[in-house]
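Read the structure below first, then the notes.
Read the figures in this text as sums done on the coordinates, not as results from a lab. Treat the numbers as computed from the prediction; the structure is a model and nothing was measured. Methodologically, a virtual Cβ is constructed for each residue, glycine included, from the backbone with ideal geometry; neighbour enumeration extends over all protein chains shown.
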Amino acid sequence: MSLSEPSGPDLAGVAADADAVGLKHVVIGGFAVIAHGFIRATKDSDLLVGDGPQANAAVLRFLERVDAVRISDGKRLTAEDVAGAKRLSVNTSRGIVDIMRGGLPPLDYETVSERAEVVEWESQTVHVASLASLVGFKRLANRPSPDLEELEAIHGPLPIEPIPGLDIAPADDS
């Protein structure tokens, strides 16, 4: 299949390829919602990754392995593109993948990774954002979605943590 042909997301393949190149990641977004019990459609695999030179090198290895091109312009990404990006949306041999960098705690990569749940997805081990982290990302996105209502119907009252920039002002580092 060529990258110009539409395909659905292959989370198990994305996770296997990320693991194969040493890309530490946590699944967030639609697949995390599904893992927490609300079965719904999703068009992509969303990964949260860390920052820094090692993470950048691993992201680049992953992009090469999955034959990724940026969705906006079809460009194959370089080390410079990866190093400066907070979000990369790419079309790959595994479907669309959104790679995001964490922000401030509690939605930074380290915190989300520490809290992640390990699940089996089509015989592949996958680290998925905890319910608290997932709720935080959904609240921060502030997009209309039934996800939080459906997750609350499944789990009862959802864990709500203060989110910098949403509930509290970010700390002033000066």
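What does the extension gain come out to for residue 168 and residue 143, with contour length at 0.36 nm per residue minus their alpha carbon separation?
Gain on stretching residue 168 to residue 143: 7.1 nm.
Restricting the count to DSSP beta bridges whose residues both fall in the chain, what percent are antiparallel, rounded to a multiple of 5?
Expressed as a percentage, antiparallel bridges in the chain total about 65.
If we count other beta carbons within 10 Å of each Cβ, what is the order of 111, 125, fewest first?
125, 111
Of the chain, which part is the longest with no trypsin sites (Lys or Arg not before Pro) in a loop (DSSP not H, G, I, E, B) and with at most 16 other C-beta atoms within 10 angstrom?
87-174
I need the calculated FRET efficiency for the pair residue 75 and residue 160, taking r as the beta carbon distance and R₀ as 35 Å, to the nearest 0.05.
So, using R0 = 35 Å, E works out to roughly 0.35.
Rounded to whole Å, give me the distance from the Cα center of segment 110-174 to that of segment 42-86.
22 Å
Provide the net charge surrounding residue 70, with neighbours chosen by a C-beta distance below 15 Å and charges set as Lys +1, Arg +1, Asp -1, Glu -1.
In short, -3.
For residue 153 and residue 41, compute 0.36 nm times the residue count separating them, minus their Cα-Cα distance, and round to one decimal in nm.
Extending this stretch completely gives an extra 38.5 nm.
Given the Cα-Cα distance of residue 89 and residue 67 and 0.36 nm per residue of separation, how much length would full extension add, in nm?
Computed gain between residue 89 and residue 67 is 6.6 nm.
Using the Kirkwood radius built from alpha carbon pairs, what does the Stokes-Einstein equation give as D for segment 1-81 at 4 °C and 1.567 mPa s, in µm² per second?
Calculated translational D: 94 µm²/s.
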